[in-house]
Structures are given as structure tokens and as C-alpha cells.
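*Asks:* Below is one structure. I have some questions about it.
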Amino acid sequence: MRKTVLITGATSGIGLACARKFAANGDRLIITGRKENVLADIRKELTATGCEVLTLAFDVRDREKAKQYVGSLPEEWRKIDVLVNNAGLALGLEPVYKGIKPLTGDDIADVAVFAANAPAHVQIAEVLILATHQGSGSVIVRE
């Protein structure tokens, strides 16, 4: 049975891998990330395989934006069967393997900011539950 899957942080890494896997399984996807142009490229890639894809560009730490975007989902996309709550700390714009370097004071500050914003995972799940009023589904959280 085809599922509707919402994946946060779908522009790279684990989130992108999940998007490709769910698309290959015939599911339809709502993918989120901060980079609208990257989301558009991923949407193009996945729709070429026959997957239905809806993109939402916002930072999951912004609770109001999350509420706005999830609340504006078209009716036919509101029943979310699986939430892959993957968005997380991005240390720079390059993949780790392209430039592993020692942590700097700024990197450590970023980790502190991430710890302060870790509740974003809970916020997305909460926003989704409140916006869709459904009593079923699965949540996958990457920590």
C-alpha cells in the first residue's frame, strides 16, 4: 500500500537516502530542507521515477514556519503515514568527506546551538499531529 512520507532534512545524507528509498518503494513524499534549489533538483530526480513529490523549504527550528507549511498542505497530502524526523546540525555546506577538519570554536558553538534547538524534532512531530488530527502513523527520529 502506498504511503505518504514526510522527510525533514531531505536535501542530503540520511534524509536524501530515505527519500530515494521511499520513492523506490512507490510511496509519495513530502520533503523538507532549507535549500529550495536543492529540493527542486531532488523533486525533479524523484518525479522522473514516477514518484509524487511535494517540497517545503523552511528551517525546522522555526516553529511558526513549520506550522504555516504543514497547515497549508493540500487536503490530499494531510494524512502522513510516516514522519522521518531527520533534520539536524549542518556543520558547513560541504559533505564531511570533502573537508574533514579539526573542530573550531565556531563549530563547538554550533553544537551548543544545536543542543538548544534539539526540540525542533519534537516541534515538527507536534505541529504535524495538531495540523492533521490523525490517530495513526509512524515517526522515525534521527538523533
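The values are calculated or read from the model by the stated rules, or taken from the named source; none is laboratory data. On a predicted model such as this, the values are computed, not experimentally measured, just so you know. Don't worry about glycine lacking a Cβ; one is built from the backbone with ideal geometry, like all the others, and counts go over all protein chains shown.
*Asks:* Which residue, of 20, 34, is of a type in the set (D, E, K, R) and at pLDDT 95 or above?
*Replies:* On inspection, the qualifying residue turns out to be 20.
*Asks:* Identify all residues within the range 32-44 that are exposed (fewer than 15 other Cβ atoms within 10 Å of the Cβ) and in a helix (DSSP H, G or I); write none if there are none. Don't jump to the end; show me each part of the working.
*Replies:* As a first pass, look at the range 32-44 and keep what is exposed (fewer than 15 other Cβ atoms within 10 Å of the Cβ): 35-37, 40-41, 44.
Those that are exposed (fewer than 15 other Cβ atoms within 10 Å of the Cβ) and in a helix (DSSP H, G or I): 36, 37, 40, 41, 44.
*Asks:* Assess whether residue 54 counts as being modelled with pLDDT of 95 or more, buried (at least 19 other Cβ atoms within 10 Å of the Cβ), touching a helix residue (DSSP H, G or I) at 6+ places or on another chain (Cβ under 8 Å) and not charged (D, E, K, R).
*Replies:* Values: modelled with pLDDT of 95 or more: yes; buried (at least 19 other Cβ atoms within 10 Å of the Cβ): no; touching a helix residue (DSSP H, G or I) at 6+ places or on another chain (Cβ under 8 Å): yes; not charged (D, E, K, R): yes.
Against the criterion (modelled with pLDDT of 95 or more, buried (at least 19 other Cβ atoms within 10 Å of the Cβ), touching a helix residue (DSSP H, G or I) at 6+ places or on another chain (Cβ under 8 Å) and not charged (D, E, K, R)), residue 54 does not qualify.
*Asks:* I'd like the residue in the range 1-31 that is more than 12 Å from the chain's Cα centre (by Cα) and assigned to a loop (DSSP other than H, G, I, E, B) and, out of all such residues, is surrounded by the fewest Cβ atoms within 10 Å (Cβ to Cβ).
*Replies:* The selected residue is 1.
*Asks:* With the requirement that a residue be in a loop (DSSP other than H, G, I, E, B), within 11 Å of the chain's Cα centre (by Cα) and among the hydrophobic types (A, V, I, L, M, F, W, C), what does the range 51-71 give you?
*Replies:* Within the range 51-71, 58, 60 qualify.
*Asks:* Right, here's the next one. Under 8 Å by Cβ, and 6 or more places apart or on different chains, what pairs join a residue from the range 56-73 that is touching a residue at least 40 places away in the same chain (Cβ under 8 Å) and closer than 12 Å to residue 8 by Cβ with one that is of a type outside the set (A, V, I, L, M, F, W, C) and in a strand (DSSP E or B)?
*Replies:* Within 8 Å, the pairs are 60/8; 60/32.
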